[in-house]
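Reviewing the structure listed below.
The values are calculated or read from the model by the stated rules, or taken from the named source; none is laboratory data. Computed from a predicted structure; not experimentally measured. Backbone-built Cβ (ideal geometry, glycine too); neighbour counts: all protein chains shown.
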Amino acid sequence: MNEIVGLSPAIVRVKRSARKIARSDEDCLIIGEAGVGKAQLATIIHRLSRRREYPFIRIFPAEFYGSNNGKNGELTQILDRAIEAAAGGTLAIFDVEDFPDQQKFQLQELLHGSNGYQKVWQGRARPRIISTSKLNPQKVLDDGAISTKLYFKLNRLTLEIPALRSRKQDIPYLYHQFIRNSAKAQGISLNGYSLSDELYDGLMLYNWPGNVKEFKNCIRTLVVTAEQGRVNPEVLPFLNHRDPLKMFAEKSLPEAVQIVENYLLKKALSRFEGNQTKAAQHLQISEASLRYKLKKYVIDNK
């Protein structure tokens, strides 16, 4: 479980729940956005389970959409072979909402024990099903991506992994783990692994739509493009969008307010060609207040 990096309350709850789920033998549905680590967690649950000495078979939607897999019979055989190979162990079904309808029906029959599937694992236990979905439960049912019957068979136990943006306090831990691992994998020597203020601010402000997977790719980019043993944050595209408020970091509050007011007053007067009534209305202040501020900041309204 140490492979899941982070100490935030959200990820600690995930780890605690995953340990308990691993001790169970129930089928499980892992929910979370793309890149949060659903496949990693499915693997860990299997390795901690009583089935760990038996096969762990993974199957992805892409296996059913190849150019050579056009016929229903061939598609059915793909899943049948995976089910047979996983007998006694765990069958991991990734992004189940993207499976073809026929294979969703196959899964339903498997979970129901109908259509001869009990013969497939004769003498061994039915594979434990750990499935994953990028969709939250309500969206799954609203969109009809998975039938209600199949959904409630898959999620006898449910585990949701939070998005990285909702557990940003884990980012420094992820940074140190990934940068060390990436430097070692790339054979690159870095002069320390400290997280600079500039890089820290950029990583914390970014929203991480690709979650941990995107974060890991960014750290790999930093390592590969490092110069003279030092990473360069400028190579990350989202860090080129400077923090618009950074210029105020070293200023007092009165100084910052003066700069902003001065800027907005000049913009409003320019926009309305010096018309103080319209400028005041736009700024949502009285004309008397506007005149006072023009005098205060020595703004010439000609």
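The helices (runs of 4 or more DSSP H) falling completely within the range 124-235 that include 1 or more residues that are in contact (Cβ under 8 Å) with a residue 40 or more places away in the chain and outside the structural domain of residue 22 (by TED's automatic domain parsing) map to 171-186, 197-205, 211-224. In the set 147, 182, which member is under 30 Å from residue 112 (Cα atoms) and small (Gly, Ala, Ser)? Testing whether each residue is under 30 Å from residue 112 (Cα atoms) and small (Gly, Ala, Ser) leaves just 147. Suppose we keep only residues that are of a type in the set (S, T, N, Q) and surrounded by 11 or more Cβ atoms within 10 Å (Cβ to Cβ) within the range 271-302. Which one would you say is modelled with the lowest pLDDT? By that ranking, first place goes to 301. A Cβ distance below 9 Å, combined with a sequence gap of six or more or placement on separate chains, defines the contacts here; from the range 1-24, residues that are within 14 Å of residue 130 (Cα to Cα) reach residues that are assigned to a helix (DSSP H, G or I) and of a type in the set (D, E, K, R) in the pairs 22/47. Answer yes or no: is there a residue in the range 45-52 that is small (Gly, Ala, Ser), buried (at least 19 other Cβ atoms within 10 Å of the Cβ) and more than 23 Å from residue 96 (Cβ to Cβ). No; the residues of the range 45-52 include none that is small (Gly, Ala, Ser), buried (at least 19 other Cβ atoms within 10 Å of the Cβ) and more than 23 Å from residue 96 (Cβ to Cβ). Tell me which helices (runs of 4 or more DSSP H) are completely within the range 1-108 and hold 2 or more residues being more than 30 Å from residue 168 (Cβ to Cβ) and of a type in the set (Val, Ile, Thr), or say none if there are none. Once the helices (runs of 4 or more DSSP H) in the range 1-108 are filtered for at least 2 residues that are more than 30 Å from residue 168 (Cβ to Cβ) and of a type in the set (Val, Ile, Thr), what remains is 72-85.
Mind listing whichever residues of the range 251-279 are closer than 13 Å to residue 301 by Cα, in a helix (DSSP H, G or I) and of a type in the set (Gly, Ala, Ser)?
268, 270, 279
Results for (1) farther than 27 Å from residue 12 by Cβ; (2) among the aromatic types (Phe, Trp, Tyr); (3) within 25 Å of the chain's Cα centre (by Cα); (4) at pLDDT 90 or above, shown as yes or no for each residue.
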position: 108; (1), (2), (3), (4): yes, no, no, no
position: 124; (1), (2), (3), (4): yes, no, no, no
position: 152; (1), (2), (3), (4): yes, yes, yes, no
position: 170; (1), (2), (3), (4): no, no, yes, yes
position: 176; (1), (2), (3), (4): no, no, yes, yes
